[in-house]
Amino acid sequence: MRDRLLFLLLSALLVGYFGLVGHRGVLLIGEGTWVTVSLGVAVLVLPLIGAWFLWRSAHFVLRANRLARELEAEGGLPVDDLARTPSGRVDRAAADAAFARRRAETEANPGDWRCWFRLAVAYHDARDTPRARKAMQHAIALHAGRPPRP
């Protein structure tokens, strides 16, 4: 719950920042010289890119959470029983062992979104965030019945 509130707070601050930057871009365009209009257009592009990125990230999180709730209702969520270091991080050897099991499970059932979801969790535990995100995107695509991106 704390993470959700933090996400909402930071997103609201970011949207406010986009508004302020966009306002400055409009003021620059209103000056009317070729230099200020060029800068104003450039300044307006940045909040648009940021808003697009925020939307994509929030949409990804919502879809991943929907899959997690469905998998939890089925009793298929992976159990977090991995050994941890004194600082609380997942032990690297334990994460690698769990990853090997999840990879074998996914290779045996490549069309099952549940396996891809659990593989994404294993990637995350192994601290491989880019691959965790790609595996979760694959799970979301399979769940939605869309062909996954290569």
Quiz prompt | Summed side-chain charge close to GLU72 - residues other than GLU72 whose Cβ falls under 13 Å, Lys, Arg +1, Asp, Glu -1 | solution = +1
Exercise. Sketch the reach of a paramagnetic label on ARG127 as a point 7 Å from Cα along Cα-to-Cβ, and name the residues of segment 77-101 whose backbone nitrogen lies under 18 Å away.
Key: 82-100
Quiz item: Relative contact order (percent) for the chain, with alpha-carbon contacts under 8 angstrom and 6 or more residues of separation?
Solution: 14
Quiz item: Based on DSSP H runs of at least 4 residues, each adding -39500 (n - 2.57), what is the mean residue ellipticity at 222 nm of the chain after dividing by all its residues, to the nearest 500 deg cm²/dmol?
Solution: -27500 deg cm²/dmol
Self-check item: Under the span-like rule (Cα at least 20 Å along the axis, Kyte-Doolittle mean at least 1.0), DSSP H helices of the chain
Solution: 2-31
Quiz prompt | Label-point gap, in nm, between LEU82 and ASP112 - each point 7 angstrom along Cα→Cβ | solution = 2.0
Quiz item: In whole Å, how far is the Cα centre of segment 1-64 from that of segment 91-131?
Solution: 35
Self-check item: Loop-located GluC sites (Glu not before Pro) in segment 1-93, at most 16 other Cβ atoms within 10 Å (DSSP)
Solution: none
Exercise. Can you send over the solvent-accessible area of HIS143, 1.4 Å probe, protein chains only, in Å² to the nearest 10?
Key: 70
Quiz prompt | For THR85, solvent-accessible area (1.4 Å; no DNA, RNA or ligand), Å² | solution = 50
Quiz item: For the modelled label position 7 Å from the Cα of GLU31 along Cα-to-Cβ, which residues of segment 43-71 have backbone nitrogen atoms closer than 16 Å?
Solution: 43-45
Quiz prompt | Heavy atoms of SER11 accessible to a 1.4 Å probe, total area in Å² rounded to 10 | solution = 20
Quiz item: What is the spin-label model distance, in nm, from ALA104 to ARG66 if the labels are put 7 Å beyond Cα along the C-beta direction?
Solution: 3.4
Quiz item: Counting other Cβ atoms within 10 Å of each Cβ, which trypsin sites (Lys or Arg not before Pro) in segment 106-150 have at most 15 and sit in a DSSP loop?
Solution: ARG127
Self-check item: Dipole magnitude of the chain, debye to nearest 20 (Cβ charges: Lys/Arg +1, Asp/Glu -1, about Cα centre)
Solution: 140
Quiz item: Largest first, how would ILE49, ILE29 line up by accessible area (1.4 Å probe)?
Solution: ILE49, ILE29
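The values are calculated or read from the model by the stated rules, or taken from the named source; none is laboratory data. Every value quoted in this text rests on a predicted model; they were computed, and no experiment measured them. A quick note on method: Cβ atoms are made from the backbone with ideal geometry, for glycine too, and the neighbour counts reach across all protein chains shown. Remember, those area values only see protein heavy atoms, side chains included, never the ligands or the DNA or RNA. Shrake-Rupley method; radii C 1.70, N 1.55, O 1.52, S 1.80 Å.
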